[in-house]
């Protein structure tokens, strides 16, 4: 079984590709099929943007497609400064990984040295006839203004995110560390959702 993952984010691809391979699902990337579209992500939620991506790439390839998006909410920020669906797009500019780290470190400095953050993820699988949706969250962590030197390409904010249970940067977490998280979300739940719905 083949499925297209509608993302150019290397961290997202790496996170799911091997686990899906174990389930006999081959994940095709946009690079694999040589397609270069830029869907306009006009949704107000992660699910809406995930659907826009999935439908755009399905319409172009006729391959069952996974779209994924994430929203960022920061407890200490006023509504007008919330990143929401525009985590990378700040003031109309698409930031690269280093620019993102710099921008969010400056926000941390502006608001007292630490910010309480929450990710809300949305995933949509679209096969031309129906769409299946799944949403989950990662909360109970915070941003600091001193980046770790290590980077997770595609997920730059892992370099300024701290997991309180073990006081480590996300980019440094081991599998054992991740099990200490208070989150209900398990990566295997996302894999199960994909397996059941493609």
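With respect to the conditions (1) within 26 Å of residue 47 (Cβ to Cβ); (2) in contact with a strand residue (DSSP E or B) (Cβ under 8 Å, 6 or more places away or on another chain); (3) surrounded by fewer than 17 Cβ atoms within 10 Å (Cβ to Cβ), residue 154 falls short on a single one, namely (2).
Within the stretch 148-156, identify whether any single residue is outside any loop (DSSP other than H, G, I, E, B) and touching a residue at least 24 places away in the same chain (Cβ under 8 Å), and answer yes or no.
Yes - at least one qualifying residue is present in the stretch 148-156.
Here the stretch 74-89 is the region considered, the condition is being over 13 Å from residue 157 (Cβ atoms) and in a strand (DSSP E or B), and the residue that is modelled with the lowest pLDDT is 89.
Just one of the listed residues (108, 171) is in contact (Cβ under 8 Å) with a residue 12 or more places away in the chain, surrounded by 13 or more Cβ atoms within 10 Å (Cβ to Cβ), in contact with a strand residue (DSSP E or B) (Cβ under 6 Å, 6 or more places away or on another chain) and outside any strand (DSSP E or B), namely 108. Test of understanding: among 121, 51, which residue is closer than 24 Å to residue 189 by Cα, buried (at least 17 other Cβ atoms within 10 Å of the Cβ) and in contact with a helix residue (DSSP H, G or I) (Cβ under 8 Å, 6 or more places away or on another chain)? Of the residues listed, the single one that is closer than 24 Å to residue 189 by Cα, buried (at least 17 other Cβ atoms within 10 Å of the Cβ) and in contact with a helix residue (DSSP H, G or I) (Cβ under 8 Å, 6 or more places away or on another chain) is 121. Residue count for the stretch 65-88 satisfying the condition of being over 15 Å from residue 8 (Cβ atoms), buried (at least 18 other Cβ atoms within 10 Å of the Cβ) and more than 12 Å from the chain's Cα centre (by Cα): 2. The single condition from (1) surrounded by 17 or more Cβ atoms within 10 Å (Cβ to Cβ); (2) out of contact with any helix residue (DSSP H, G or I) (no Cβ under 9 Å at 6 or more places or on another chain); (3) within 18 Å of residue 120 (Cα to Cα) that residue 16 fails is (2).
The values are calculated or read from the model by the stated rules, or taken from the named source; none is laboratory data. Since the structure is predicted, the reported quantities are computational estimates derived from the model, not experimental observations. Backbone-built Cβ (ideal geometry, glycine too); neighbour counts: all protein chains shown.
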